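Working notes for the structure below.
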Amino acid sequence: LEIAKLFGGGFWDIDVLTFKRYIASKVDLGMVISKESSVMAVRKIIAENEKGLNCLTASASKPNLALTLYELISQLESAKVTASDLKELISKENDSVSGALLLKIKDVAFIYEKYEEYLKESNLYDGNDYLSLMPGLLSSDNDIKNSVVIIAGFPAVTKQRYEIFNALNNTALEFHASVVYDKTSDFYTGETYYRLLDIDKTAKVIPYSGSLPMEVEYVKNNLYKPSVFKNGYQKLLSDKV
């Protein structure tokens, strides 16, 4: 409703897209492998290099190691940290990092590097890496240059998302963001709010103070209170949840 008011009552010529759907409209997503395929690739890398690992050799046969390592690699990718970055960190922090941790980081960097090589040699992207395509696609997209772009639903901002938001802000005719933020409480982190303002410090902020339903307010105010588990606590009965 507030977005409709912002644009004078309504709008018709719209597309509703996720980042993945946008990229799929521009490039062949057959180049993107699934999480399961990525885990299988990491498992194969571990099996082929088991004897060369420093610290993870004893865990190499455990079925969940490949999944755990891929999830770690995925987090590093979303933060735009490469295997080369890890290797550089190891060389710089060699004296301050403990022996066991250093050996683990070396193993992660080694497997991560092999995984990057596999993707490059196979001309593939994984579920996180393909997002790095989006800023380049946006900058050359004439449709985006002539469009009003509205983003919503991002509770956190990785470095990848930050670069995408920045590209949208620099490319789109207009760029708007809907952010849930409450500076008077710790229920929401406000991370997206501050990162968007970091992209454009002159951005016009239009606050909307909407009232929440009674049930939502109750959950918001009591979610992290241990006292709700004690006898005598006032409960709220509702058929809306």
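Structural remarks
- For the chain, the dipole from Cβ point charges (+1 on Lys and Arg, -1 on Asp and Glu) about the Cα centre works out to 640 debye, to the nearest 20.
- For the chain, the mean residue ellipticity at 222 nm estimated from helices alone is -14000 deg cm²/dmol, where every DSSP H run of n ≥ 4 contributes -39500 (n - 2.57) and the total is divided by all residues, rounded to the nearest 500.
- Charged-residue dipole, Cβ positions (Lys, Arg, Asp, Glu), segment 97-218 about Cα centre, Debye nearest 20: 300 debye
- In this simple spin-label approximation, Ser34 and Gln75 carry label points 7 Å from Cα along the Cα→Cβ vector, and these lie 2.5 nm apart.
- Under 20 Å from the Glu191 label point (7 Å along Cα→beta-carbon), backbone N, segment 8-47: 19-20
- Only alpha carbons enter this Debye calculation for segment 64-174, each as an equal point scatterer, and the log10 of I(q)/I(0) it gives at q = 0.14 Å⁻¹ is -0.71.
- Peptides 41-47, 17-23, ordered by how many other C-beta atoms sit within 10 Å of their residues on average, highest first, read 41-47, 17-23.
- Working value for the chain: equivalent-ellipsoid semi-axes of 39, 29, 18 Å, each the square root of 5 times a Cα gyration tensor eigenvalue, largest first.
- Near Ser38: Cβ cut-off under 12 Å, other residues only, Lys/Arg at +1 and Asp/Glu at -1. The net charge is -3.
- Accessible area per residue in Å² at 1.4 Å probe, computed on the chain: 68 Å²
- Debye log10 I(q)/I(0) for segment 118-241, one point scatterer per Cα, at q = 0.11, 0.12 Å⁻¹: -0.59, -0.66
- In terms of its C-alpha gyration tensor, segment 103-162 comes out oblate, because a/c is 1.5 or above while a/b does not outweigh b/c.
- Taking the average, over residues, of other Cβ atoms within 10 Å as the packing measure, peptides 113-124, 223-234, 64-75 rank 64-75, 113-124, 223-234 from highest down.
- Segment 48-117 shape via C-alpha gyration tensor axes, a/c threshold 1.5: oblate
- A straight Cα-to-Cα reach below 18 Å connects Lys20 with the aspartates and glutamates Asp28, Glu36, Glu77, Asp126, Asp129, Asp141, Asp143, Glu163, residues fewer than 8 places away in its own chain not being considered.
- Element breakdown for the chain at a 1.4 angstrom probe: carbon and sulfur atoms account for 54% of the accessible area.
The values are calculated or read from the model by the stated rules, or taken from the named source; none is laboratory data. If you're wondering where the values come from, they're calculated on a predicted model, not measured in any experiment. Cβ atoms come from the backbone with ideal geometry, glycine included; neighbour counts cover every protein chain shown. Protein only, heavy atoms only, side chains kept; ligands, DNA and RNA dropped before computing areas. Shrake-Rupley method; radii C 1.70, N 1.55, O 1.52, S 1.80 Å.
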